[in-house]
């Protein structure tokens, strides 16, 4: 038997054959989806889609709490009689309600005091040279250990201080009318017999507005 001798194949020819085989295998893998699992698919190279940013919904403005019908009526009375800004009148009435006492003074009492003392003017100042009375309720700061400037600029402090004074006098004298007397002339003057019936009458008439 005759042996067939194979001619040696050059190295370059082997390389070309390997490249062709690899290209054929790669084309077949892409066509069939078989193999080539290590190659990234086109979609894997894409940048991830950007999610639309959700816009923050604007919060609705908080609704103002409706004024109690009784306090609204009081506010209307103050605005009509003293011709002041409705917001200011409403604030004063609301604070008078906030700082009323269980027995005395009630909101109507505080509003009556404010009416005859300052006509609802928070910047009112008395004509006294020494320690003039200030604010809605005409309190003399030094007598009560209060800062005059701070008291003038704080209507809540004016109302709360007046409420405390009237309540204190009522407990001490055990009489609401006497407490109003003492608020006007001072507790010491009242106890020695200094009365002001006109002030008490004005207080009573003013209070009638809110009944």
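Specify the residue that is surrounded by the most Cβ atoms within 10 Å (Cβ to Cβ); the eligible residues are those in the stretch 192-203 that are in contact with a helix residue (DSSP H, G or I) (Cβ under 8 Å, 6 or more places away or on another chain) and part of a helix (DSSP H, G or I).
Residues of the stretch 192-203 that are in contact with a helix residue (DSSP H, G or I) (Cβ under 8 Å, 6 or more places away or on another chain), as a first pass: 194-196, 199-200, 202-203.
Right, trim to part of a helix (DSSP H, G or I) and you get 199-200, 202-203.
Details: 199: 16, 200: 17, 202: 17, 203: 22.
Filtering first and then ranking leaves 203.
From the list 113, 155, exactly one residue is touching a helix residue (DSSP H, G or I) at 6+ places or on another chain (Cβ under 8 Å) and within 25 Å of residue 172 (Cβ to Cβ). Which is it?
Details: 155 fails: within 25 Å of residue 172 (Cβ to Cβ).
Selected residue: 113, the only one of 113, 155 that is touching a helix residue (DSSP H, G or I) at 6+ places or on another chain (Cβ under 8 Å) and within 25 Å of residue 172 (Cβ to Cβ).
When you look at residue 147, is it free of Cβ contacts under 8 Å to residues at least 40 places away in the same chain, farther than 20 Å from residue 94 by Cα and surrounded by 14 or more Cβ atoms within 10 Å (Cβ to Cβ), yes or no? So that I can check it myself, show each step before the final result.
Details: free of Cβ contacts under 8 Å to residues at least 40 places away in the same chain: yes; farther than 20 Å from residue 94 by Cα: yes; surrounded by 14 or more Cβ atoms within 10 Å (Cβ to Cβ): no.
No; evaluated as a whole, the condition is false for this residue.
Do any helices (runs of 4 or more DSSP H) lying entirely in the stretch 89-187 carry at least 3 residues that are at pLDDT 95 or above and at negative phi, and which ones are they? It would help to see each step written out before you state the result.
Numbers: elements: 107-118, 148-152, 155-173, 176-185.
Qualifying helices (runs of 4 or more DSSP H): 107-118, 155-173, 176-185.
For the stretch 173-187, what are the residues that are without any contact (Cβ under 8 Å) to a residue 60 or more places away in the chain and surrounded by fewer than 23 Cβ atoms within 10 Å (Cβ to Cβ)?
173, 174, 175, 177, 178, 184, 185, 186, 187 - these are the residues of the stretch 173-187 that are without any contact (Cβ under 8 Å) to a residue 60 or more places away in the chain and surrounded by fewer than 23 Cβ atoms within 10 Å (Cβ to Cβ).
Criterion first (surrounded by fewer than 21 Cβ atoms within 10 Å (Cβ to Cβ) and touching a helix residue (DSSP H, G or I) at 6+ places or on another chain (Cβ under 7 Å)) does residue 168 satisfy it? Even if it seems obvious, please write down each step before you answer.
Values: surrounded by fewer than 21 Cβ atoms within 10 Å (Cβ to Cβ): yes; touching a helix residue (DSSP H, G or I) at 6+ places or on another chain (Cβ under 7 Å): no.
Here the answer is no, as residue 168 does not meet what is asked.
The values are calculated or read from the model by the stated rules, or taken from the named source; none is laboratory data. These figures come from a predicted structure and were not determined experimentally. Cβ sites come from the backbone with ideal geometry, for glycine too, and all protein chains shown count toward neighbours.
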